[in-house]
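The values are calculated or read from the model by the stated rules, or taken from the named source; none is laboratory data. Here the structure is a predicted model, which is why all the values come from computation and not from measurement. In this analysis, Cβ positions are derived from the backbone assuming ideal geometry, glycine residues included, and neighbour counts consider all displayed protein chains.
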Amino acid sequence: MTRKVFIAFVIYLAAALVGAHAQSNYAMVSGSILDPQHRPIANARVYITASETGAKREVVSNASGLYEIAGLLPGTYTLAVDNPGFKQATQTLSLEVGQHAAINTKAEN
């Protein structure tokens with residue numbers, strides 16, 4: 001009986017460690033940038049600015065119009081997308097611990 005309890009405890013402990021490793025204290029924003037005809041926009045500049053601190057990060061969309069900004073602390077942010085020939089798109093968002101926000105943007109002329 002004691003051996004079974006020990007084995008059950010080891011399995012429980014291993015499962016708890018795997019679950020704890022998967023959690024993150026950070027959030028992520030990713031998405032796509034498309035033109036009015038729904039074609040991807042490569043090399044669009046995507047800025048995210050923390051409302052509380054003013055800290056700003058910048059990424060560039062890839063050839064498929066996709067971008068990703070990881071490692072964001074929970075809080076309120078302003079997301080801005082700039083691309084020559086299109087109006088700047090801005091959006092305010094609130095991120096929580098472990099959140100993965102999908103923000104897709106359609107550029108306007």
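Worth pointing out:
- Test: residue in the range 70-80 that is at pLDDT 95 or above, among the polar types (S, T, N, Q), loosely packed, with under 15 Cβ neighbours inside 10 Å and touching a Phe, Trp or Tyr at 6+ places or on another chain (Cβ under 9 Å): yes
- Entirely in the range 34-109, the strands (runs of 3 or more DSSP E) that have 1 or more residues that are on the phi > 0 side of the Ramachandran plot: 66-72, 75-82
- The set of residues from the range 44-69 being aliphatic (A, V, I, L, M), loosely packed, with under 13 Cβ neighbours inside 10 Å and closer than 18 Å to Ala89 by Cβ comprises just one member, Val60.
- Subset of the range 24-36 that is farther than 12 Å from Phe86 by Cβ and not small (Gly, Ala, Ser) - its residue that is surrounded by the fewest Cβ atoms within 10 Å (Cβ to Cβ): Asn25
- Just so you know, in the range 81-109 the residues that are within 12 Å of Ala27 (Cβ to Cβ) and of a type in the set (Val, Ile, Thr) include one that is surrounded by the most Cβ atoms within 10 Å (Cβ to Cβ), and it is Ile103.
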